[in-house]
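Reviewing the structure listed below.
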Protein chains: 2
Amino acid sequence: MSRLPVHPTRDQIELPLVLDCLSDPTRLAIVCSLAEHEEAATELCCGDFYNFAGKSNLAYHFARLREAGLVKTRIEGTTRYMRLRRDDLDARFPGLIGAVLQAAAREAKGRDPVS
Amino acid sequence: MSRLPVHPTRDQIELPLVLDCLSDPTRLAIVCSLAEHEEAATELCCGDFYNFAGKSNLAYHFARLREAGLVKTRIEGTTRYMRLRRDDLDARFPGLIGAVLQAAAREAKGRDPVS
DNA sequence: CCCATTGTTCAAAATTCATTGAACAATTGG
DNA sequence: CCAATTGTTCAATGAATTTTGAACAATGGG
């Protein structure tokens with residue numbers, strides 16, 4: 001693709017941007033998915049989220065996630081693999097991302113009539 | 001004043017609203033101040049935040065904080081005392097508000113309306 | 001009762017955000 | 001080289017947020 005994506009360094013990550021990213025349902029869902037697959041060691045690319053939103057809308061959300069420092073993009077060929085920058089986030093804001101993920105899981109559970 | 005403010009119950013508090021509230025710098029500063037004065041057992045009213053924003057803008061932000069379940073308003077005479085709903089937040093989203101407050105403290109914004 | 005204090009409410013303006021489709025760029029495979 | 005795949009970028013649109021000032025309401029003191 002055009003230019004390689006720019007990521008903030010660990011100490012350039014700013015709290016309001018992070019929280020703003022997480023306050024959007026689409027982006028929160030993306031982050032949750034990335035967190036789940038982080039353990040499974042499977043990498044996710046943009047195309048894996050086409051059921052979340054349209055293609056160009058996804059690019060917009062991923063750009064915001066990248067610029068906020070939540071997500072790291074690795075380019076391989078024409079696909080871009082995303083991963084949660086959990087270590088950087090934990091170092092900068094200890095416990096924050098974990099608490100958000102846990103809260104999101106709890107809310108999803110409360111809305112799920114099956115579980 | 002007109003009508004008494006409406007607050008969501010503990011289990012009506014929703015994560016995206018909470019995060020959206022906290023992602024705004026003005027509201028985050030308000031929440032941080034409330035958290036600090038929570039230990040000091042001093043109550044804060046709207047007027048204590050006049051250096052954060054204009055009067056009617058503050059009313060807007062406080063309304064959002066109330067509706068999101070972050071803040072409880074107690075009316076006494078013509079003044080309204082605000083306090084952080086920390087117990088409810090901790091019960092609903094364990095560790096979340098603490099992590100956010102710690103993260104915000106790290107970003108050192110030192111705007112205390114009282115001290 | 002009068003009036004200052006404390007905040008809310010309303011409407012308007014300014015700003016920002018999310019979403020869409022079309023065009024574009026880069027890489028891979030045949 | 002040609003075509004398909006994968007995403008980005010751009011412009012436009014509509015929606016939601018933030019901000020401001022003026023008017024309003026409720027309380028308490030003199």
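Summary table below
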| item | result |
| --- | --- |
| Chain lengthening between A:Arg64 and A:Arg106 when straightened (0.36 nm per residue, less Cα-Cα) | 12.6 nm |
| Theoretical FRET efficiency, 1/(1+(r/R0)^6), r = Cβ-Cβ of A:Tyr50 and A:Glu14, R0 45 Å, to 0.05 | 0.95 |
| Radius of gyration and maximum dimension Dmax of the protein assembly as shown, Cα, Å | 19.2, 67 |
| Over chain B - Rg/Rh using Cα atoms and the Kirkwood inverse-distance radius | 0.93 |
| Sum of -39500 (n - 2.57) over DSSP H runs of 4+, divided by residues of the protein assembly as shown (222 nm, nearest 500) | -16000 deg cm²/dmol |
| Semi-axis lengths, Å, the range B:1-68, gyration tensor of Cα atoms, sqrt of 5 times eigenvalues | 18, 15, 14 |
| Exercise: per-residue mean of other protein chain Cβ atoms within 10 Å, B:92-98 | 5 |
| Residue mean of other protein chain beta carbons inside 10 Å, A:16-24 | 6 |
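Taken together, the values in this text are just the output of simple stated rules run on the coordinates, not laboratory data. Here the structure is a predicted model, which means the values were calculated and not measured. No Cβ is skipped: glycine too gets one built from the backbone with ideal geometry, and neighbour counts run over all protein chains shown.
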